[in-house]
Amino acid sequence: MESKLSQHKHFESGELSRMPEKEKGQNGDEQIVAEIMGRRFSPSLITTRAWERFHFVGHEIEITEATDSYGAVVWPSALVLCHFLETNVNSCSMADKNVIEIGAGTGLVSIVASFLGAHVTATDLPELLGNLQYNVLRNTKRRCKQQPQVKELFWGVDLEEKFPKSLCQFDYVLAADVVYHHPYLDELLLTFDHLCQDNTVILWAMRFRQEKENQFVDRFQKLFDLEVISEFPSLNITLFKAKRRRSREKWSPIGC
């Protein structure tokens, strides 16, 4: 079995909803995508530190990235999810909610959820926690009602020990670009299942790349009711909302 530390991301170069016909272009999402991607401001000068700025919830957020780690780069799926959280505060309010982000990476989504008033736990692999903690503290210290926590999480490993169901009852599970070509999709599904109570809502932005990701979605739907909130063809990204199914099907590991 490959090392758990290889759970890295692979490098890929109002209401958030489908746009009306009069605003559609070739892919039907040009205007909203321009709005989302316009929240990113890259430095005009080359510096010794890789960083970018983002603007959400009335705050300027500066994110330090690591060019040698796929998990420490802000991908478009994170911007899609941040925009949704910002523009849907009535239907998906983060205020005073218990929220966990899996595969938090640079921490951008967790930071935005914190600005919106959530009690946030940002999780990722141990080698990413230093940069994650730096970004979270730099952007939220004395700026948020609730200071986010940063914790280590290996998908599928020691879940009850580190996140006991009796104590960790989350209102929302946030995930951006956690499904890609890696050997830990079974562990990821176990993690989603463990972190969710019957009323927990998953908000998940996913970029489709390969057939294996479609297989994961099929298996995911055996455990969760899945709703497409929005699709962005020009980014190949879909934004999902999910909750536990009342009647759950059995599932087998991918490849079985």
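Coupling constants for region 162-179 follow from the phi torsions by the Karplus curve (6.51 cos²θ - 1.76 cosθ + 1.60, θ = phi - 60°), and in residue order they are 8, 9, x, 4, 5, 10, 9, 10, 9, 7, 9, 10, 9, 8, 10, 6, 8, 9 Hz; glycine and proline get x.
Which trypsin sites (Lys or Arg not before Pro) from region 27-134 combine a DSSP loop assignment with at most 13 other Cβ atoms within 10 Å?
Working: sites: Arg39, Arg40, Arg49, Arg53, Lys97; in loops: Arg39, Arg49, Lys97.
The qualifying sites are Arg49.
Counting only Cα atoms, region 84-123 measures 26, 17, 14 Å along its principal axes, largest extent leading. Apolar share of the accessible surface for region 107-256: 45 percent from carbon plus sulfur atoms, 1.4 Å probe. A full extension of the chain between Arg209 and Lys151 corresponds to an added length of 18.0 nm, given 0.36 nm per residue minus the alpha carbon distance. Extending 7 Å from Cα along the Cβ direction at Phe41 and again at Asn98 yields two label points whose distance is 3.7 nm.
Run through region 142-243 and list the chymotrypsin sites (Phe, Trp or Tyr not before Pro) located in a DSSP loop whose Cβ has at most 15 other Cβ atoms within 10 Å.
Values: sites: Phe154, Trp155, Phe170, Tyr172, Tyr180, Tyr184, Phe192, Trp204, Phe208, Phe216, Phe220, Phe224, Phe240; in loops: Phe154, Trp155, Phe170, Tyr180, Tyr184, Phe208.
Taking region 142-243 and a limit of 15 other Cβ atoms within 10 Å, the loop chymotrypsin sites (Phe, Trp or Tyr not before Pro) found are Phe208.
For the pairs Lys162/Lys241; Lys151/Lys222; Lys97/Lys141; Lys97/Lys241; Lys141/Lys241; Lys145/Lys165, note any where the Cα-Cα span goes beyond 22 Å. The answer is Lys162/Lys241; Lys151/Lys222; Lys141/Lys241; Lys145/Lys165.
The values are calculated or read from the model by the stated rules, or taken from the named source; none is laboratory data. What you see is a predicted model, and the numbers here were worked out from it, not measured in a lab. For neighbour counting, all protein chains shown are included, and Cβ atoms are generated from backbone atoms with ideal geometry for every residue, glycine included. Ligands, DNA and RNA are excluded from the accessible area calculation, which covers all protein heavy atoms including side chains. Shrake-Rupley method; radii C 1.70, N 1.55, O 1.52, S 1.80 Å.
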